[in-house]
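For reference, the structure is listed below as structure tokens.
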2 protein chains.
Amino acid sequence: MSGGVEWGLHCCVVLSGAGEPVPAAKLAELHDVSPSYLAKQLQLLSRAGLVRSTLGQSGGYVLTRPASEITVLDVVEAIDGAVPAFRCTEVRQRGPLATPVEECTTPCPIARVMDSADNAWRQSLRAVTVADLVSEVGRTTPAETLSLARAFLRS
Amino acid sequence: MSGGVEWGLHCCVVLSGAGEPVPAAKLAELHDVSPSYLAKQLQLLSRAGLVRSTLGQSGGYVLTRPASEITVLDVVEAIDGAVPAFRCTEVRQRGPLATPVEECTTPCPIARVMDSADNAWRQSLRAVTVADLVSEVGRTTPAETLSLARAFLRS
DNA sequence: GATCCTATACTCGGATAGGCTATGTCCGAGTCACCAGGG
DNA sequence: CCCTGGTGACTCGGACATAGCCTATCCGAGTATAGGATC
């Protein structure tokens with residue numbers, strides 16, 4: 001999985017707390033990551049419609065929906081793509097004993113198992129929203145740090 | 001995910017049906033894949049202890065355990081490695097508002113969610129054994145093809 | 001004092017290089033089976 | 001007829017190139033703001 005997913009999730013959490021647009025450069029400084037590369041991830045979030053970009057001075061990124069309506073899966077798929085990790089190449093239809101296409105009416109059992117696992121993974125990520133993450137972060141982070149973060153974003 | 005996982009699973013299914021050692025070259029011909037690269041995957045299975053290699057004439061690979069005791073997860077981890085897809089870089093401890101290490105007693109919520117999803121994925125793969133795959137393949141494949149496969153392996 | 005215009009600085013977006021893992025390939029070391037020769 | 005030694009071919013195992021994707025970067029197009037001049 002792409003490492004940018006982690007950054008994207010952290011950014012969503014931060015954006016949820018800030019009521020005003022936050023520039024990509026400020027998010028990068030806050031997380032101490034490459035500004036250029038983070039910009040790429042934010043562009044992916046923008047293409048997926050999760051965040052909205054505002055140009056010009058005092059511009060930046062804002063969430064388009066309430067954090068409670070953005071699942072972790074949304075962010076993961078926006079950055080890593082929605083293609084399943086396993087891709088069946090239909091080995092049954094290859095080689096000297098290739099099963100003809102008309103016989104291949106049922107999906108390959110291996111692909112079925114992999115798809116099932118992939119669905120379980122997605123379901124697990126779909127069950128958690130960014131709002132849940134925000135709540136958890138607020139519970140485990142000192143209040144002082146949170147207010148410092150607010151101040152940092154407004155500066 | 002590595003594409004070789006699919007080959008490895010197909011090979012385990014085939015090996016389960018053949019009572020005698022099967023050379024890597026024959027498995028590659030049966031599945032119409034690169035012999036050299038399939039050899040690499042089989043070596044990974046061998047290192048993981050899932051299959052046992054026999055050298056010399058009429059040698060090849062054999063399963064070390066009954067197919068009912070080999071889970072799909074075993075094969076996946078043998079080939080792709082057992083490292084989780086998501087790697088937490090502890091963003092909290094970076095940047096100008098870095099939380100000191102002594103405050104970071106609870107794991108990052110994002111990592112927690114990702115680990116949970118990863119566990120769900122693994123659990124789903126652990127619930128299916130190679131024997132289940134063999135059963136399913138036997139149910140959806142013409143009996144003639146199966147006997148042809150037996151003959152092909154013995155030739 | 002209010003309004004309009006201009007210049008500025010700041011924003012995002014897409015096009016552009018580099019590094020690393022996954023893919024694909026090759027050849028050598030080791031081993032078992034077979035066969036010929038001898039007892 | 002049985003045993004033994006040698007030969008041969010076949011097997012796996014690890015070391016070696018290649019390609020595609022992830023990582024990282026840069027500069028240009030566009031825009032909201034701030035300030036100043038004008039009415």
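Taken over region A:69-91, the criterion of being surrounded by 17 or more Cβ atoms within 10 Å (Cβ to Cβ) and either in contact with an Asp or Glu (Cβ under 7 Å, 6 or more places away or on another chain) or within 8 Å of chain B (Cβ to nearest Cβ) (or both) is satisfied by A:Val72, A:Phe86, A:Val91. Taking region A:78-92 as the range and being acidic (Asp, Glu) and within 14 Å of DNA strand D (Cβ to nearest atom) as the test, only A:Asp80 passes. Whenever a residue of region A:26-48 is within 15 Å of A:His10 (Cβ to Cβ), its partners that are at pLDDT below 95 and among the aliphatic types (A, V, I, L, M), lying with C-beta atoms within less than 7 angstrom and at least six residues away or across chains, give the pairs A:Lys26/A:Leu153; A:Leu30/B:Leu97; A:His31/B:Val91. Candidates are the residues of region B:53-68 that are more than 9 Å from DNA strand C (Cβ to nearest atom) and farther than 23 Å from B:Ser135 by Cβ; the one that is surrounded by the fewest Cβ atoms within 10 Å (Cβ to Cβ) is B:Ser53. Set side by side, the residues A:Ser53, A:Ser68 differ, and just one is hydroxyl-bearing (Ser, Thr, Tyr) and assigned to a strand (DSSP E or B), which is A:Ser53. Residues in region B:58-77 that are more than 12 Å from DNA strand D (Cβ to nearest atom), of a type outside the set (A, V, I, L, M, F, W, C) and more than 21 Å from A:Asp115 (Cβ to Cβ): B:Arg65, B:Pro66, B:Ser68, B:Glu69. Of the residues making up region A:1-21, just one is within 14 Å of chain B (Cβ to nearest Cβ), outside any helix (DSSP H, G or I) and either more than 12 Å from DNA strand D (Cβ to nearest atom) or more than 21 Å from A:Asp74 (Cα to Cα) (or both), namely A:Ala18. Count of region B:104-138 residues, restricted to those that are of a type in the set (Lys, Arg) and out of contact with any Leu (no Cβ under 7 Å at 6 or more places or on another chain), is 1.
Would you confirm, using the coordinates I've provided, whether B:Ser68 is under 30 Å from A:Leu30 (Cβ atoms) and either in contact with a strand residue (DSSP E or B) (Cβ under 8 Å, 6 or more places away or on another chain) or polar (S, T, N, Q) (or both)? When the stated conditions are applied, B:Ser68 does not pass them. Can you name the condition, by its number, that B:Leu55 falls short on among (1) within 11 Å of DNA strand D (Cβ to nearest atom); (2) aliphatic (A, V, I, L, M); (3) touching a residue at least 24 places away in the same chain (Cβ under 8 Å); (4) over 27 Å from A:Ala85 (Cα atoms)? With (1) within 11 Å of DNA strand D (Cβ to nearest atom); (2) aliphatic (A, V, I, L, M); (3) touching a residue at least 24 places away in the same chain (Cβ under 8 Å); (4) over 27 Å from A:Ala85 (Cα atoms) applied to B:Leu55, the lone miss is (3).
Annotation: A:Ala39 fulfils all but one of (1) within 14 Å of another protein chain (Cβ to nearest Cβ); (2) part of a helix (DSSP H, G or I); the unmet one is (1). For region B:97-117, the criterion of being within 8 Å of chain A (Cβ to nearest Cβ), more than 16 Å from A:Val137 (Cα to Cα) and in contact with an Asp or Glu (Cβ under 9 Å, 6 or more places away or on another chain) is met by none of the residues.
The values are calculated or read from the model by the stated rules, or taken from the named source; none is laboratory data. These numbers come from a predicted model, not from an experiment. Note that we place each Cβ from the backbone using ideal geometry, even for glycine, and neighbour counts take in every protein chain shown.
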